[in-house]
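First comes the structure, then the notes that go with it.
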Amino acid sequence: MLSTMSETTPPDARPLRGCSVVVVEDDVDTLEFLSLLLRKLGAGVNVAGDADVARAVVAASRPDVILCDLGLPGQDGYALLRTLDAGGATWPVIAISGHHSPTQRQRALAAGFAAYLPKPSKLAEIVATIMDVLDDAPTAIA
């Protein structure tokens, strides 16, 4: 699981205000926690539990950033990234994985993910990674 919000950020801080995020995660508890956390930080959040739903959600919501679990059922996060890229997507995608290793991180970055976060990650790391990715993205929020 990811860290709690109170560890590093005051509850009234909203560093992701105006940011649209799609969270793709098959573990319901992690999905609910991440979406709640990101909303409390000011983000607009849409969710998907698998790659098929994610493609439809991304097409409909046109997010600023996508957080994508690598270990999805059916098509994994790598396959989802390939189909988004093939469709001309320009959204940065951050890989998240509970099976963390240096090799996994390298493979994700080599595949084209904008960043990699292990599970668990601290709140400050999640926010900093999203902000860094948005700063580097051509469609970053102001």
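The values are calculated or read from the model by the stated rules, or taken from the named source; none is laboratory data. From a predicted model like this one, the values you see are computed outputs, not experimental measurements. Don't worry about glycine lacking a Cβ; one is built from the backbone with ideal geometry, like all the others, and counts go over all protein chains shown.
If I ask for residues that are crowded, with 18+ Cβ neighbours inside 10 Å and touching a Pro at 6+ places or on another chain (Cβ under 9 Å), which ones from segment 103-126 would you list?
Scanning segment 103-126 gives PHE113, ALA114, ALA115.
Scan segment 112-122 and give yes if some residue there is in contact with a Ser or Thr (Cβ under 6 Å, 6 or more places away or on another chain), of a type in the set (Gly, Ala, Ser) and not in a loop (DSSP other than H, G, I, E, B), otherwise no.
Checked segment 112-122: at least one residue is in contact with a Ser or Thr (Cβ under 6 Å, 6 or more places away or on another chain), of a type in the set (Gly, Ala, Ser) and not in a loop (DSSP other than H, G, I, E, B).
Which residue, of THR83, THR129, is surrounded by 14 or more Cβ atoms within 10 Å (Cβ to Cβ), assigned to a helix (DSSP H, G or I), touching a strand residue (DSSP E or B) at 6+ places or on another chain (Cβ under 8 Å) and hydroxyl-bearing (Ser, Thr, Tyr)?
Values: THR83 fails: touching a strand residue (DSSP E or B) at 6+ places or on another chain (Cβ under 8 Å).
On inspection, the qualifying residue turns out to be THR129.
Check off (1) closer than 28 Å to ARG14 by Cα; (2) free of Cβ contacts under 8 Å to residues at least 40 places away in the same chain for SER121 and give me the number that stays unchecked.
(2)
Would you point out the residue of segment 93-102, among those that are modelled with pLDDT under 95 and of a type outside the set (Ser, Thr, Tyr), that is surrounded by the fewest Cβ atoms within 10 Å (Cβ to Cβ)?
Among those residues, the one meeting the criterion is PRO102.
Check ALA137 against each of (1) modelled with pLDDT of 95 or more; (2) within 29 Å of ARG14 (Cβ to Cβ) and name the one condition it does not meet.
The number of the failed condition is (1).
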